[in-house]
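The block underneath contains the structure these notes are about, expressed in structure tokens.
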Amino acid sequence: MRVLLKTLLGLLLLTSSTFAGIRGPGKYAGIVIFDRWDTCYLYSGTYLMYISEKKKELLRAYEGKSILIDAKEVFQPMNPGDGLITRFKIIGFAGTKKNLPDVRGLKLLVTPGFGDDRSPKFRLEIENIGKANVSFTTNEISPTLLGLKDSDDSMSPSDGKSHAAITRCTFEYARDWKQETEINGKTREFSIEIEGLDTIKPSYVLKPGEKTEFSIQLHISQGDYDFLFGYGGGVHDGKGLASNIVSFNIDSKGKASLLTTPTNRSTITSQFIESLYLRSDPSTLLSPNVEL
């Protein structure tokens with residue numbers, strides 16, 4: 001099987017010192033998520049890391065939580081690119097960092113906006129659920145698309161059934177982000193269009209109870225997908241936020257339709273992070289500083 005990966009300007013921009021980096025042993029932070037194919041990710045918005053199939057069950061109790069781990073073994077097939085963590089030690093929950101966006105008081109929600117034409121459009125909502133004004137910067141908003149990987153894709157770090165089809169894509173670079181993968185003569189394309197991108201401000205301030213919304217459209221090939229977006233965080237740093245996950249299908253005519261939540265994934269509400277914290281018994285969580 002012949003796999004040809006073409007990345008245009010958006011991905012070339014990501015090779016700068018801001019985005020590039022060796023994914024080796026060391027500390028990694030992110031929200032533990034499982035997609036509809038049960039692949040496990042340590043998700044930090046712009047970036048993500050994969051947790052090996054043999055170790056993912058050890059993080060099941062942390063689903064939806066932003067944690068910090070010390071990775072002992074990491075496989076990175078391509079730099080720049082994401083990595084697969086195969087052995088790690090849990091340090092604990094990730095904390096806020098001064099060099100990262102302050103995520104306290106913010107809640108993320110994604111809703112489908114397919115409409116009558118069933119085009120894959122989504123509404124990205126950021127709400128202030130706190131008691132004080134909160135600001136956020138739009139260049140830290142990161143749409144992410146997960147989907148089945150090609151079985152012969154040697155460049156994917158995932159050892160599960162799926163991987164990220166769109167990642168390392170922020171609002172700042174979305175206009176130029178495009179990926180094309182050719183499999184046996186068939187081209188699969190992935191790109192993002194943000195509605196009114198030129199009118200979006202670099203930053204916003206939300207009063208308590210206020211929310212703002214952004215609309216995007218995906219240009220993607222036929223298949224089943226999970227879509228979410230993140231804000232803040234950093235692959236080696238502190239706490240970030242993740243939205244809920246929307247599962248959907250694109251048919252042969254490019255039309256979108258929702259998929260039911262798979263039985264292997266917890267039902268995730270709009271209060272993605274908060275609700276999972278509330279319903280989890282801390283005594284059932286894995287003990288920190290245990291090498292796994």
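Each value in this text was obtained by applying a stated rule to the coordinates, not by laboratory testing. The structure presented is a predicted model; accordingly, all values stated were derived computationally and were not measured. Here the Cβ is made from the backbone with ideal geometry for all residues, glycine too, and neighbour counts use every protein chain on show.
From least to most packed, judged by other beta carbons within 10 angstrom and beginning with the fewest, Leu146, Leu84, Leu206 follow the order Leu206, Leu84, Leu146.
With a simple spin-label model that places each label point 7 Å from the Cα along the Cα-to-Cβ direction, the separation between Ser257 and Lys186 comes to 1.8 nm. Listed by chain and number, the lysines whose alpha-carbon sits under 21 Å from that of Lys54, ignoring those within fewer than 8 places in the same chain, are Lys27, Lys65, Lys72, Lys89, Lys149, Lys161.
Using Cα centres only, tell me the gap between the stretch 129-147 and the stretch 29-80 in whole Å. Cα centroid to Cα centroid, the span is 20 Å.
Label positions at Asn79 and Ser154, each projected 7 Å from the Cα along the C-beta direction, are separated by 2.0 nm.
Modelled spin-label separation between Arg60 and Asp102, with each label point placed 7 Å from Cα along the Cα-to-Cβ direction: 3.9 nm. Subtracting the Cα-Cα distance of Asp198 and Ser215 from 0.36 nm times their residue separation leaves 4.8 nm of extension gain. Amide H to amide H distances under 5 Å link Glu53 with Asp159, where only residues 5 or more positions off or on other chains count and H is placed in the peptide plane.
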